[in-house]
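Engineer: Before I ask anything, let me first share the structure, which is written out below as C-alpha cells.
The values are calculated or read from the model by the stated rules, or taken from the named source; none is laboratory data. What you see is a predicted model; the values in this text were computed from it and never measured. FYI the Cβ positions are ideal-geometry reconstructions off the backbone, even for glycines, and counts take in every protein chain you see.
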Amino acid sequence: MRLPMNTRLERFRRSYRWLLLLAGSNVLLFLLAVFVFLRAGAWLVHEDALVPAPVVVVLSGGLPERALAAAEVYKSAAGREVWLTRPLEPGGAMQRLGLPYSGEEQYSRMVLIERGVPPGAIHTLDPRITSTAEELQAVYSELQKRPELTVIVVTSKAHTRRVRALWKAVSREAFRKRLLVRAAPGDPFDAEHWWRSSNDALSVVREYLGLLNAWLGLPLHHAR
C-alpha cells in the first residue's frame, strides 16, 4: 500500500534533517581533528617563568643546546649549583666495544665551564640513568636531602610538558613546586609547524607516548 504524499514528505524531511545533522557533526569533528593536529606541537611546550633558584639541572640529551641554556639560566637565576646526570648509554655500549668515551655529562660540563659556570659549582648526580623518569628520581633524591632548595630543570622544548608529568609521578605533593621547567632557546623544534620536519614529528609522537606512560603511572620502563 502506497503511503500518502504528506507522510512521505514528512519522512523525507526527517531523513534530510538527520543527514544534515550527521554531515554537520562530521565537519565539526574534522575541524576539531585539524585543530588538535596543528596545536599538538605547541601544547607540548610548557615553561615556567624564570625566577631566582639556587640549582639548575641539565637533563641528558640535546647537546649542546641544553647545557648552553643551563649556563644562561644559572647566571640569570643567580644559581649556585648546576646538576648533571650520568646516562648509562652510549657509554656502556662503547665500553663493551673497548672504545674510549668520557660520557655525555663530561661534554655538558665542558660547555658549562666554557660559558662561565665555575667548575666547583658543577655536580654530577648518581646513579647512572636510562630515562627521564630516572633522572627526575635522582633529582628528587637530592631534594629530599635538601628540601629547602628549588631547582630549575633545563630541557628541550617539546620535552617540557612530559618533564612536568614525570615529576608529578615520581615526587610527593610537598615537592611539586620545588621544580621549575625551562626550555633551551636554541632547540630547533618548531612547535607551530612540527609536521614539516621528520625530526619534529618523531619528537611529537615520542612525547605523547611518554606522556601516556607517565599518566598511567609509568608501567613501561627502559631496559638496562
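Engineer: Would you please name the residue that is farthest from TYR140 (Cα to Cα), looking only at residues in segment 93-113 that are in contact (Cβ under 8 Å) with a residue 24 or more places away in the chain and not aromatic (Phe, Trp, Tyr)? Walk me through it before giving the result.
Structural biologist: The first filter runs over segment 93-113 and keeps only residues in contact (Cβ under 8 Å) with a residue 24 or more places away in the chain, leaving 104-105, 107-109, 111-112.
Pick out the ones that are also not aromatic (Phe, Trp, Tyr) and you get 104-105, 108-109, 111-112.
Working: GLU104: 21, GLU105: 19, SER108: 21, ARG109: 21, VAL111: 25, LEU112: 23 Å.
Top of the filtered list is VAL111.
Engineer: Additional query: Condition first: touching a strand residue (DSSP E or B) at 6+ places or on another chain (Cβ under 8 Å), surrounded by fewer than 17 Cβ atoms within 10 Å (Cβ to Cβ) and either of a type outside the set (A, V, I, L, M, F, W, C) or free of Cβ contacts under 8 Å to residues at least 12 places away in the same chain (or both). Now tell me which residues in segment 114-129 satisfy that. Before you say what the answer is, go through the steps one by one.
Structural biologist: In the first step, residues of segment 114-129 are kept if they are touching a strand residue (DSSP E or B) at 6+ places or on another chain (Cβ under 8 Å); the result is 117, 121-129.
Checking which are surrounded by fewer than 17 Cβ atoms within 10 Å (Cβ to Cβ) leaves us with 121, 123-124, 126-127.
Within segment 114-129, HIS123, THR124, ASP126, PRO127 qualify.
Engineer: Restricting segment 194-208 to residues that are over 11 Å from the mean Cα position of the chain (by Cα) and of a type outside the set (A, V, I, L, M, F, W, C), which is surrounded by the most Cβ atoms within 10 Å (Cβ to Cβ)? Steps first, please.
Structural biologist: In the first step, residues of segment 194-208 are kept if they are over 11 Å from the mean Cα position of the chain (by Cα); the result is 194-202, 205.
Retained after the next criterion (residues that are of a type outside the set (A, V, I, L, M, F, W, C)): 196-200.
Working: ARG196: 9, SER197: 14, SER198: 8, ASN199: 11, ASP200: 19.
Among those that are over 11 Å from the mean Cα position of the chain (by Cα) and of a type outside the set (A, V, I, L, M, F, W, C), it is ASP200.
Engineer: Another question, if that's okay. Residues MET94, MET1: which one is modelled with pLDDT under 95, under 29 Å from ALA184 (Cβ atoms) and either out of contact with any His (no Cβ under 7 Å at 6 or more places or on another chain) or not polar (S, T, N, Q) (or both)?
Structural biologist: Going through MET94, MET1 in turn, just one is modelled with pLDDT under 95, under 29 Å from ALA184 (Cβ atoms) and either out of contact with any His (no Cβ under 7 Å at 6 or more places or on another chain) or not polar (S, T, N, Q) (or both): MET94.
Engineer: Also, quick follow-up: So if I check each of ALA169, ALA191, which one is in contact with a helix residue (DSSP H, G or I) (Cβ under 9 Å, 6 or more places away or on another chain) and closer than 15 Å to ARG206 by Cα?
Structural biologist: Values: ALA169 fails: closer than 15 Å to ARG206 by Cα.
Exactly one residue qualifies, and that residue is ALA191.
Engineer: Let me ask something else about it. With the condition being closer than 14 Å to HIS46 by Cβ and not acidic (Asp, Glu), I'd like the helices (runs of 4 or more DSSP H) fully within segment 108-224 carrying at least 2 qualifying residues. Please lay out each step first, then the result.
Structural biologist: Working: elements: 132-145, 160-170, 198-215.
Here the list reads 160-170, 198-215.
Engineer: While we're here: Return only the number of the condition from (1) surrounded by fewer than 16 Cβ atoms within 10 Å (Cβ to Cβ); (2) in contact with a strand residue (DSSP E or B) (Cβ under 8 Å, 6 or more places away or on another chain) that ALA53 does not satisfy.
Structural biologist: Single failed check for ALA53: (1).
Engineer: Checking the condition in contact with an Asp or Glu (Cβ under 9 Å, 6 or more places away or on another chain), over 25 Å from THR124 (Cβ atoms) and crowded, with 18+ Cβ neighbours inside 10 Å, which residue from LEU59, LEU44 passes? Full working, then the answer.
Structural biologist: Values: LEU59 fails: over 25 Å from THR124 (Cβ atoms).
Being in contact with an Asp or Glu (Cβ under 9 Å, 6 or more places away or on another chain), over 25 Å from THR124 (Cβ atoms) and crowded, with 18+ Cβ neighbours inside 10 Å holds for just one of LEU59, LEU44, which is LEU44.
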